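Let me begin by presenting the structure, written as C-alpha cells, before commenting on it.
Only the coordinates and a few stated rules stand behind these numbers; no lab work does. Please read all numbers here as calculations on a predicted model, not as lab measurements.
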Amino acid sequence: MDPYGAEGGGIEVRFIQADSTRANFLVQNFDLATANSLRRVMLSEVPTMAIDVVEVIDNTSVLADEFICHRLGLIPLNSKNVDDVLYSRDCECEDYCEQCSVILTLNARCTGDEVMKVYARDLIVSEGRPNDEVGTPVITDPEGLGSVIVKLRKNQSVHMKCIAKKGIAKEHAKWAPSAAIGFEYDPSNKLRHLDYWYEEDPKKEWPVDSKNAGIDGVPQDGEPFDFDAVPHRFFFDIETVGGLEPDQIMQQGIKVLQQKLAAVIQELTGNDEANGVDGFGGGQSPQMNGATGYGGPDTGYTTPYGNASVWGGAGNATPYGATPYGGSGHRW
C-alpha cells in the first residue's frame, strides 16, 4: 500500500512515544496545510502562565533588577486549567486581581559565609488564585529545587513581588508552552521534494537518519513513482517546558485552531451571534473601536468615481463607464 496514497477513512492518531515531557506521534489522513497550521498554533498561540510584572522591593545582589526580572519571566509555571484565568485585557480590574493573575513572592537573604543559591522553589504562591494548580513553579529535578534564579553572598538579599499573567508566545517567548515541536511528513523523501546534491552515490552521501523513516518505510529500488501522491501522514514531536503536558498542548492547539476557524466562518457569514467553539465569538479586542472590537461599521469615503460609498457600493460608476462589480452594498 502506498503510504502517501488516498486511503480514505477518518483521521487516525498513533502515539510512538509519550511521557510527561515529550510526545512523538503520527497523524494519518490529514492534509499538509492543516497539519502545519496546528504546528504553528501549538508553538505560538496556546495560552500559558508566566511572570509578567515584577515589583522590586529590595535587591542587593550583583545582578541588576532587569536581569533578575528577565530570569523570573522564563521560569515555567504550571498552566493546567489555565482557562480559569482571564486575560488581563478581558478583566475589569485596573492592574491585576485574583481573576486574571497569580501573585508569587520571592524573599531571600544570605546570612552565612557560603554562597547561597535562590531557586524557583523559593517563590511562594499567594492565596486567592483561580485554582490550586495554576501559577505554581514547575520543579522536576530530583532534589526539588527548580531553576536557579540568583546567587547571594553574605548580607545580600532579594525581595520581589511577581505577578504572573496569562498570555501566548506571540506576545512574548516566555509564554511558549513547548521547547520545540518537530514536524516531518516525508522522512524517506518518497515524494522527492528535496533534491540532494551528491558526487557519486546519494545513498552513501545522504543516509536516511530519521527515526521515522523505519516507520514510514524506505522506498525500494525500482519502485514506481506516483506523481499524484500527496502527503497525508505527519510525524509530530512535542517537547514541553513543563507548564503543560504534551497531550494538553496538542488538545489546546486544536481548540485554538477551531476558535480561529469559527471566527473566520462568522465573518464570512455575517452572523453576529457567537457560533464558535465554547462560545467563542470571533477575533474581538476590547480595546478597538470603542470596545466594539474589530468589524465595526465602516462609513466609507467619498471618491470621484461614484457616490459616497465604499468599493462596490451603489455608486459604482467610473470615468470608464459602469463596472459589473459591486451591485448594491457589496464590498471588496
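Each residue of the stretch 247-259 in turn: what ³J(HN,Hα) in whole Hz from Karplus with 6.51, -1.76, 1.60 and θ = phi - 60°, glycine and Pro shown as x?
Whole-Hz 3J(HN,Hα) from phi for the stretch 247-259: 5, 5, 4, 5, 5, 5, x, 5, 5, 5, 5, 4, 5.
What residues have an amide H closer than 5 Å to that of LEU86, excluding those fewer than 5 places away on the same chain, when H is modeled at 1.01 Å from N in the peptide plane?
CYS100
Residue by residue through the stretch 229-239, what is 3J(HN,Hα) from phi via Karplus (6.51 cos²θ - 1.76 cosθ + 1.60, θ = phi - 60°)? Round to whole Hz and write x for glycine and proline.
Going residue by residue, I get 5, 10, x, 9, 10, 9, 9, 10, 9, 9, 10 Hz, with x marking Gly and Pro.
How big is the gap, in Å, between the Cα center of the stretch 18-83 and the Cα center of the stretch 233-257?
About 12 Å separates the Cα centre of the stretch 18-83 from the one of the stretch 233-257.
Step by step: find N for the stretch 47-166, compute 2.2 N^0.38 Å, then divide the Cα radius of gyration by it. What's the final number? Can you show the working numbers first?
Numbers: Rg = 14.7 Å, N = 120, 2.2 N^0.38 = 13.6 Å.
Dividing the Cα radius of gyration by 2.2 N^0.38 Å gives 1.08.
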